[in-house]
Amino acid sequence: MDDTPLTNDDAGALMPGLDLPEDTNAAGYQVLARKYRPDTFEDLIGQDAMVRTLTNAFAAGRIAHAYMLTGVRGVGKTTTARLIARALNYRSDTIDAPHMALGEAGVHCDSIARSAHVDVMEMDAASRTGVNDIREILEGVRYAPVSGRYKVYIIDEVHMLSTSAFNALLKTLEEPPEHAKFIFATTEIRKVPVTVLSRCQRFDLKRIDREVLTDHLERICGLEKAQVERDGLSLIARAAEGSVRDALSLLDQAIVQNDDRDHAVTAPEIRDMLGLADRARVLDLLEHALAGRTGEALNELSALYDAGGDPVVITRDLLDFIHATSRVKAVGNGADLGEAAETVARLETLAGGLSLGQLTRLWKILLTGLDDVRLAPDAISAAEMTVLRLISAAMLPPPEDAARLLASTLPAPASDAPREAPGKPEPASAPASTPVPTAMTAPATPMAVPQVPDAMPHGEPAGIRNEPPVEVQAEVQEGVQGEEGRIASFEALIDLLKQKRDIALQSDVERFARPVSIKACALTFQPIEDAPQDLAQRLARRLLEWTGDRWAVLADPQAQGGETWYEKRQREKRERMEAIRRDPAVVKALELFPGAEIIKVNDPKPDDEDGVTNAESGG
């Protein structure tokens, strides 16, 4: 057997990949979240209130025996706990007392930072939850520290402790030895018993502001000599949701997105990495939806999805924009939105056309839609349905206007009906072709129900629900335009449809809509059977485009409407034909020409007020 020892070359040939690196002192890559962990209190970002309170307490000698640190993941709870432990046990050549200025490393600072100090014990309550684990702490807390000034117990995720473990800790936590300090950290402060909270000084670590976090990432990029566009860093800060650790982990990924170190990593590259949709295009989607442009909205959503956008993220962005628009509506142009100037200007434009009631309704729809998108087997289909609900809601009147419109369509109480003068005879019912004066002819009247004529029988309540449908149509006055040029009648609406040459919509309105009431920017009709489902939405959308006003168009199947425009024309044609047949001259002509039929009736068009035609005047 050959006992010759293997050389490095022989070892590499026999076991490739297992040879030791030439430089045994070379360290592996350290992720940014660990490399740039704060080393002093000054390095903590966004926690100025806590640092100020602790600094004043240490300077005054008012050091508590237990601290409770709470906040979302990655804001610095464990790091702050270690810094407090270092401050409690700080000792240097010039200072031997609890001290918050940790710029000059003390005797114990390095070992505490590495979690290797004998008097600073860290415990993860997520894995050690039982009372036996707490009993070990209680048995050791009686003994004095070995080398430090205090024994410090750091318990992370303290809310995971069992009830019995909390109960075992209470007595010691209330009256600990002078040399013992407790520092707890948790993300679920509500799960910590109040009996424990009342024995601690509580500090709520805040989420880091997006701009502050972006500046922090930019500084780290400078230290790493990495080039990343600030817009890309802002995307990372937004995705991190205030967590510094999450932001640094994402920055680690972003730096290597571009293999060309001479060119900066762009925002679109980071957006692709994060699976985010272009927020400008999401705002385009929202504008299409609120304007009722269904085709454009669905096409934009499909394009965002094809470009790699996550339907959940797209819906979340829509929620963010509705929230920002609501803030602009409530606060005004001075609202701090944290968005680009161009985006803020577009949101201000959206806020100008919507009421707070509408924005609240849109928020609720999107909030429900977000849950649907998360749970649906096909996320993009759920997102499309959410956008369609958004479009439908955008075409509805504001809730406050809908409430007023609903109140205006209710019949007046019988006690409020005008009374007939005593002894006045009851008149005959009006002919079907005679319009009945209504409140629609007087826009200043607060209620939109018909007023009772003077000829109404004594004691009969106001309203038209017991009248024939042809008389109900009289509620829509036969005027054309109001004083302000607004559409004040169903006839004026038909004239507008003819002028705009929207043949399809005109045909649907004439055939399927029984007019109930019409007033300033509010129209109610009764759809007949087989009426298009989207007739009200289409009409509201067109009226918005043509008049510039947002119309409340309601299709109420329970309302008692009059004749459709088509039915009215057919009735008038029949009545005209019957009147012609009764005309003595026509009767005589039919007698002279047996078998003759009346096919068409042409009325002469008068040229002047006297009705003299060109034929009659010999012209």
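The values are calculated or read from the model by the stated rules, or taken from the named source; none is laboratory data. All of these numbers come straight from a predicted model, not from anything done at the bench. We place every Cβ from the backbone using ideal geometry, glycine too, and count neighbours over all the protein chains shown.
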(message) Among the residues that make up segment 257-266, is at least one of them in a helix (DSSP H, G or I) and in contact with a helix residue (DSSP H, G or I) (Cβ under 8 Å, 6 or more places away or on another chain)?
(response) no
(message) Tell me whether segment 287-298 contains one or more residues that are among the charged types (D, E, K, R), outside the structural domain of Ser381 (by TED's automatic domain parsing) and in a helix (DSSP H, G or I).
(response) yes
(request) Take Val152 and decide whether it is touching a Leu at 6+ places or on another chain (Cβ under 8 Å) and either buried (at least 19 other Cβ atoms within 10 Å of the Cβ) or in the same structural domain as His108 (by TED's automatic domain parsing) (or both). (result) yes
(request) Return only the number of the condition from (1) of a type in the set (A, V, I, L, M); (2) closer than 27 Å to Ser92 by Cα; (3) touching a residue at least 40 places away in the same chain (Cβ under 8 Å) that Leu173 does not satisfy. (result) (2)
(request) Name, by its number, the condition in (1) modelled with pLDDT of 90 or more; (2) out of contact with any Leu (no Cβ under 7 Å at 6 or more places or on another chain) that does not hold for Ala87. (result) (2)
(request) Scan segment 155-202 for residues that are surrounded by fewer than 21 Cβ atoms within 10 Å (Cβ to Cβ) and of a type in the set (Val, Ile, Thr) and jot them down. (result) Thr163, Thr172, Thr187, Ile189, Val192, Val194, Thr195
(request) Determine, yes or no, whether Leu286 is at pLDDT below 85, in contact with a helix residue (DSSP H, G or I) (Cβ under 8 Å, 6 or more places away or on another chain) and closer than 30 Å to Thr349 by Cβ. (result) no
(request) Would you mind finding the one in Leu248, Leu217 that is in contact (Cβ under 8 Å) with a residue 40 or more places away in the chain, hydrophobic (A, V, I, L, M, F, W, C), closer than 17 Å to Pro38 by Cβ and surrounded by 15 or more Cβ atoms within 10 Å (Cβ to Cβ)? (result) Leu248
(message) When you scan segment 80-88, do you find a residue that is surrounded by fewer than 19 Cβ atoms within 10 Å (Cβ to Cβ) and touching a residue at least 12 places away in the same chain (Cβ under 8 Å), even just one?
(response) no
(request) Please go through segment 317-331 and pick out each residue that is touching a residue at least 12 places away in the same chain (Cβ under 8 Å) and surrounded by fewer than 18 Cβ atoms within 10 Å (Cβ to Cβ). (result) Leu319, His323, Ala330
(request) Being farther than 15 Å from Ile155 by Cβ, among the acidic types (Asp, Glu) and at pLDDT 90 or above narrows it down to one of Glu188, Glu224, Glu178, so name that one. (result) Glu178
(request) Select the helices (runs of 4 or more DSSP H) contained entirely in segment 37-133, then report the ones holding at least 3 residues which are over 22 Å from Arg199 (Cα atoms). (result) 109-113
